[in-house]
Amino acid sequence: MVDFTYLNMKILVVSGTPGTGKTTVSNNIANYLRVKVISLNELTISENLIIDYDSKRETSIINSNKLIPFLIKLIEKYRKDNFEFLIIESHFSDIVPERYIDWVIILRCDPDELSIRLKKRGYKIEKIRENVQSEILGNCVNFFMNKQLDTPILEIDTTKINIESITKTILDVILKEKDLEKYIAGKVDWLEKLFQENRLQEFFD
């Protein structure tokens, strides 16, 4: 008899601006479930899928034409390895084709806290500014909103909660579908917050 149990593996896509906790949280989930974590940032380096480097923006330019087919092959491989979940994390994880997405969770962070986190990483001022602006505008959320998804797009504010709490929240969502409405994308709005505080000029010239 053919064993079809591997087909039940779910794919969780974790996105968010750099510094919001994607990699740490994704790896921490592996302490609780039988999961495989794919970091697209690491994958592009290990598989030589970077075609150029933008020195001004301090960012690599990815060969998505090669990355996507390679990623699909990995997904099909891990389906056969009896994992409960496959987690794909990156700030550009919206490249994952719609048919391979069961859950989308986008991690968010208050702009002031995010600036602090990125400074600790050693990011230069312009790179910090670009990433914080991206977070304020909700770019990672918007990228997924533009996809044709049958699954809800969820977002979690990581500003004041630790990794274990974030992990527990994600586990409650993907295993018990607990508090889905609470985390539906659209409730985190840094643009409105900064507008009300009359602070937008601090982040945008």
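Reported count of residues in segment 98-120, each being over 16 Å from the mean Cα position of the chain (by Cα) and either more than 22 Å from L137 (Cα to Cα) or polar (S, T, N, Q) (or both), is 3.
When segment 174-202 is filtered for residues that are in contact with a helix residue (DSSP H, G or I) (Cβ under 6 Å, 6 or more places away or on another chain), part of a loop (DSSP other than H, G, I, E, B) and over 18 Å from F143 (Cβ atoms), only K178 remains. Of T167, T159, all but one fail to be β-branched (V, I, T) and over 28 Å from I68 (Cα atoms); the exception is T159. Show me the strands (runs of 3 or more DSSP E) entirely contained within segment 41-147 in which 3 or more residues are in contact (Cβ under 8 Å) with a residue 60 or more places away in the chain and crowded, with 20+ Cβ neighbours inside 10 Å. In segment 41-147, the matching strands (runs of 3 or more DSSP E) lie at 85-89, 103-108.
Does segment 184-202 include one or more residues that are at pLDDT 95 or above, closer than 23 Å to N27 by Cβ and touching a Leu at 6+ places or on another chain (Cβ under 6 Å)? No: segment 184-202 contains no residue that is at pLDDT 95 or above, closer than 23 Å to N27 by Cβ and touching a Leu at 6+ places or on another chain (Cβ under 6 Å).
Could you tell me whether segment 83-106 includes any residue that is out of contact with any Leu (no Cβ under 9 Å at 6 or more places or on another chain) and closer than 13 Å to S15 by Cα? Looking through segment 83-106, at least one residue is out of contact with any Leu (no Cβ under 9 Å at 6 or more places or on another chain) and closer than 13 Å to S15 by Cα. Checking each residue in segment 150-173 for being in contact with a strand residue (DSSP E or B) (Cβ under 9 Å, 6 or more places away or on another chain) and modelled with pLDDT of 95 or more picks out I153, L154, E155, I156, D157, T158, T159, I166, T169, I170, V173.
The set of residues in segment 161-173 that are under 22 Å from L118 (Cβ atoms), without any contact (Cβ under 8 Å) to a residue 24 or more places away in the chain and either in a helix (DSSP H, G or I) or of a type in the set (K, R) (or both) contains only S165.
The values are calculated or read from the model by the stated rules, or taken from the named source; none is laboratory data. It should be emphasised that the depicted structure is a prediction, and the values quoted were computed from it without experimental measurement. Because the Cβ atoms are built from the backbone with ideal geometry, glycine has one as well, and the counts that use them run over all protein chains shown.
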